[in-house]
Each structure stands twice: as structure tokens, then as C-alpha cells.
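J.: Just dropping this structure here.
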């Protein structure tokens, strides 16, 4: 979805609620992405959730492929499963964004 100032969210959902348009912005990253730990605040919140219809809210979706894959560009890491990855991502989201940015980790690993 193309947003203001040439920003582009991975996908959005639009719904009319009480006669007002609401926009849910979503950013998706694979676990290996080097911006994994900054994308929720620097990309999703700062660039996409500022859309007036998004009300500064959004979803950060992370795809988990397994412990053998890189995490945030690092081959050596201590993340063993999707739940641990979710907790580590949430731990680095600024407290002022609590309740505005939801983190979901989709486990597509074969374990």
C-alpha cells in the first residue's frame, strides 16, 4: 500500500467503522533481516502508522524459519524458537509504543 511521502507498507487492511475509515498497517520481515529489531519502531511506527486513518497503530509480522537461520543478520544467536524471537523483538520496542504496535511471529520452521 502506497502511503504518504513515498512510504509503502507491506500490506494494509481498510475497514469502515462508525462511518470513519480505519487503516491497519503491517510490516513483514524475515528473521534474518538486519533491521529486524528496529523495523517495528523506525519503519512501521515512524513511517506507516502516522497515516491519519492508522491512528499510530500497526502490526509487525516476523517470519520464523528456525534456529539454524540467521537472526537479524547474525549467524550465531541464542534464539531457539518463535516464542523466544517474539519476546526478543518485543523487548526492544520502546515502552511508549506499548499497545500501539503488536508483534506476531509466524512459525514456518519444520521443527
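J.: Could you list 44, 61, 85, 106 so that the one with the fewest beta carbons within 10 Å of its beta carbon is first and the one with the most is last? Write down the numbers at each step before the final one.
T.: Working: 44 28, 61 17, 85 23, 106 12.
Least to most surrounded, the residues fall as 106, 61, 85, 44.
J.: A further question follows. Taking the Cβ-Cβ separation of residue 108 and residue 20 as r and a Förster radius of 25 Å, what is the calculated FRET efficiency to the nearest 0.05? All intermediate terms of the calculation are to be shown ahead of the outcome.
T.: Details: r = 35 Å, r/R0 = 1.41.
Computed FRET efficiency for residue 108 and residue 20: 0.10.
J.: Where does the chain land on Rg/Rh, using Cα atoms and the Kirkwood Rh?
T.: Working: Rg = 14.7 Å, Rh = 14.5 Å.
Here the Rg-to-Rh quotient is 1.01.
J.: Moving to a separate point now. Report relative contact order for the chain in percent, whole number only (criteria: Cα-Cα under 8 Å, sequence separation at least 6).
T.: 26
Every read-out reported here was derived from the displayed coordinates using simple, explicitly stated rules and does not represent laboratory data. Since we're looking at a predicted model, the values are computed, not measured. Reconstructed Cβ throughout: ideal geometry from the backbone, glycine too, with neighbour counts over all protein chains shown.
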